[in-house]
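The values are calculated or read from the model by the stated rules, or taken from the named source; none is laboratory data. Only a predicted model underlies this, so the values are computations on that prediction, with no experimental measurement involved. Cβ placement follows ideal geometry from the backbone for every residue including glycine, while neighbour counts extend to all protein chains displayed.
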Amino acid sequence: MEKFIVGCDIGGTWVRVAICKLALKGEQILLKKERTLKEDQYSISGQICKLLDLLIKENNLKREQLLGIGLASAGPLNIIKGIAFNNANLGFREIPLKKPIKDIFPKIPLYLINDCNAAVLGVHCFEADEQEKDNLAYITMSTGLGGGVICNGNLILGKDGNASEIGHIILEPNSKNACNCGTFGCWEVFSSGTGIKNRTLDAFKEGKLNGENLLKLVKNNKSEITAKEVFQAARDNDELALKMVDNCVLYSKIGVGAVNNFYDCNSIYFGGALMENSEQIIAPLKEQFKIDPIKYTINRPPELKISKFKSEIGIRGALAYIKYKLEKNSVVAFCSN
């Protein structure tokens, strides 16, 4: 009887569930996704169980064929208790994840991990060069902003599994811009999709910049503005949108410099929905760290790359995590849950 592994990726916008053979060949990944449900604290765990059941039935599998589940979620997490808490984008302050899924799939080992920690394992498994793998970081720029780091060949987790919550590095301590996490001036406030949308709406209220082209894109309905429209308007030289993109890039320079100072990476990979606008974000970052890195980092600058899997790197990382756990790969040697 063939054996399979399961990966689940919980984000602020999408929930993805995938099944693959343990060898983890990309073309064999069977995937389903839905927009993240936020009706109550149990919506997400129920959604995962439903999608996994569908994958099992549609591919004529049996539960006994499943070796384990890698569950990657936006954090912060308590990986021992199996919950997400104080999350900025999932709708509730405490979300049980591990127990509700184990109640439905009781005989299948389940390991919980921060989604960006999973994603860096996805990069490690699927695309990083050998010389990059021991000192590697991943940054997602999407609904929120987060990161994962492998340092000296080990995935960094910390006491609860939240060691690389880089989106909540406070870059402007006196900022009046509130993050969904409850504090002010986080990197996520300025450079995530949610942050860019909120800062854009704030700029319209201030009325100092011309956002005429952006308003045309949304037919004067400001509630339709997302980061996608802001970047598109910036490409059309909209004054307000250009300012928002410039802010995104500026704070990303500061954030990337801090990540490199903290972890001394060989390479930093980027993923997430905002990478659809990579020429407006990553190109100026590359130029900065090539021409004048000392302005933002004291360490030798890393290579900056875009994950070729973009928004799918998280689900691949969840699969890589369960594969590495089952095979006792040394990169997850200190992952105890």
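In region 52-94, of all residues being among the β-branched types (Val, Ile, Thr) and buried (at least 24 other Cβ atoms within 10 Å of the Cβ), the one that is nearest to residue 147 (Cα to Cα) corresponds to 79.
Considering each residue of region 316-329, count those that are surrounded by 21 or more Cβ atoms within 10 Å (Cβ to Cβ), aliphatic (A, V, I, L, M) and over 14 Å from the mean Cα position of the chain (by Cα), and give that number. Qualifying residue count for the region: 3. Considering region 232-270, the residues that are touching a Cys at 6+ places or on another chain (Cβ under 9 Å) and more than 18 Å from residue 171 (Cα to Cα) include one that is surrounded by the fewest Cβ atoms within 10 Å (Cβ to Cβ), namely 264. With respect to the numbered conditions (1) β-branched (Val, Ile, Thr); (2) in the same structural domain as residue 238 (by TED's automatic domain parsing); (3) touching a Cys at 6+ places or on another chain (Cβ under 8 Å); (4) over 19 Å from residue 316 (Cα atoms), which one is the sole condition not fulfilled by residue 200? Condition (3) is where residue 200 drops out. Kindly indicate whether any position in region 292-315 is under 30 Å from residue 159 (Cβ atoms), surrounded by fewer than 19 Cβ atoms within 10 Å (Cβ to Cβ) and touching a Leu at 6+ places or on another chain (Cβ under 8 Å). Checked against the condition, which is being under 30 Å from residue 159 (Cβ atoms), surrounded by fewer than 19 Cβ atoms within 10 Å (Cβ to Cβ) and touching a Leu at 6+ places or on another chain (Cβ under 8 Å), region 292-315 yields no hits at all. Here is a check on your reading of the model: is residue 322 in a helix (DSSP H, G or I), outside the structural domain of residue 156 (by TED's automatic domain parsing) and not aromatic (Phe, Trp, Tyr)? Yes; evaluated as a whole, the condition is true for this residue. When only residues in region 250-270 that are among the aromatic types (Phe, Trp, Tyr) and assigned to a helix (DSSP H, G or I) count, which is farthest from residue 128 (Cα to Cα)? My answer is 251.
Per-residue answers, yes or no, for (1) within 17 Å of residue 120 (Cα to Cα); (2) at pLDDT below 95; (3) touching a strand residue (DSSP E or B) at 6+ places or on another chain (Cβ under 9 Å):
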position	(1), (2), (3)
266	yes, no, yes
285	no, no, yes
298	no, no, no
301	no, no, no
305	yes, no, yes
317	yes, no, yes
326	no, yes, yes
